[in-house]
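Okay, so here's the structure we're looking at.
Where a number appears in this text, it was derived from the coordinates with a stated rule and is not lab data. Everything numeric in this text was worked out from a predicted model, so none of it was measured. Glycine also receives a Cβ, built like all others from the backbone with ideal geometry; neighbour counts cover every protein chain displayed.
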Amino acid sequence: MANRNLILHSRKKSASQHNENLWGYFFIAPALIIFLVFYAVPIVMSLYYSLTRFDGISEPVFIGLLNYLKVFRNREFWLSLGNTFCFTAGTVIAGTIISLFFAVLLNKKIRGRGWFRAAFFLPYIVSYIAAAMVWQWMYQPDSGIINVVLEAFGITPPLWLGSTTWAMIAVIVMSIWKTLGFNLIILLSGLQSISAELYEAAALDGATQVQSFFKLTVPLLKNTVLFVVLNSIITGLQAFDQIYIMTGGGPLKSTQTVVYLIYQNSFLYFKQGYASAMSYVLFAVIFAVGLILLRVTNRRNEGGVGSV
């Protein structure tokens, strides 16, 4: 009798676990379907199209690695890749330094810092399209507010978006402004995780604020900074919206990025196969840059935190 009750209890427990598993599958099914439809399937299909001659209308014709060879032989691709690296370097270096400066400033007990944090974060929640349109108006030669202010101080403003020298700088400035809030919040969270006792001990040892920053804050914050840098690199290498709205890749292709070139080949020239191959080359570049950065950082982490 006891064995029979034990068997019945075991069966009920198994049935209950089975029902729980079914409910678990039920709840994750929508996310799984979205992932398969909008991510997994397009990734596989684009890989297939990269090996074909395909215009988006007629049947794909398999041509092997010919599209990839065309990518590497295309001077316009290398020009766009150089512009992409230039844009990424500008946004990563300047953006990280500016974000860190304001994060350290807003980490101090100053009046109204909550309002300042909100003000810095607001641009991040605005869409790139809307932000780019606003900055495009601000850069206007005649009516743009930036030129109006410069002229008020007797400074002759440049033709921001119409100059091969200033167009890239103008787009970089807009992009730094757009992502500053996100980087600021991430760096602030890292700063607030550092114990105040460490700074007190450093001050007792005679360290100045500058010494504490470089020998205490920077080493303890480097993993957070790494995340900000890596995220900024990935974002920079995929820059498109601000380029599309503000410059259209011009003037004279001076702001044309790889993603913008992919867009042109895919939707303007109907070279879907060639554009797919270009996108996989860009993916390889992003993966390689991220891997190199992680390895370099891991080697430096072995050194530990420097003494004050």
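A few notes on this one:
- Under a Gaussian network description of the chain, with springs only between Cα atoms under 10 Å, the residue in 162, 181, 114 that fluctuates furthest is 114.
- About the Cα centre, charge dipole magnitude for the chain (Lys/Arg +1, Asp/Glu -1 at Cβ), debye: 840 debye
- For the range 174-308, with +1 on Lys and Arg beta carbons and -1 on Asp and Glu, the positive-most of 240, 251, 228 along the dipole: 251
- Estimated inter-spin distance, residue 94 and residue 137, nm [label 7 Å along Cα→Cβ]: 2.3 nm
- Mean Cα-pair separation over length for the range 74-301, i.e. relative contact order, pairs under 8 Å, 6 or more apart, %: 30 percent
- Given the choices (i) 40, 37, 20; (ii) 28, 24, 22; (iii) 55, 33, 20, semi-axes √(5λ) of the Cα gyration tensor in Å derived from the coordinates of this structure is entry (i).
- The chain - mean residue ellipticity at 222 nm from DSSP helices (-39,500 (n - 2.57) per run, n ≥ 4, rounded to 500): -23000 deg cm²/dmol
- For the range 101-136 and the range 20-84, distance of Cα centres in Å: 35 Å
- Dipole magnitude (debye, nearest 20) for the range 170-308, charges at Cβ of Lys, Arg, Asp, Glu: 500 debye
- Ascending count of other beta-carbon atoms within 10 Å, so fewest first, for 205, 55, 241, 142: 142, 205, 55, 241
- Gyration tensor (alpha-carbon) shape descriptor, the range 25-167, a/c threshold 1.5: oblate
- Label positions at residue 129 and residue 201, each projected 7 Å from the Cα along the C-beta direction, are separated by 5.3 nm.
- Residues in the range 234-251 reached by a label modelled at residue 268 [backbone nitrogen below 11 Å; 7 Å Cα→Cβ]: 244, 248-250
- Two tests apply to each whole DSSP H helix in the chain, Cα reach of 30 Å or more along its axis and mean Kyte-Doolittle hydropathy of at least 1.6, and the ones passing both are 167-192.
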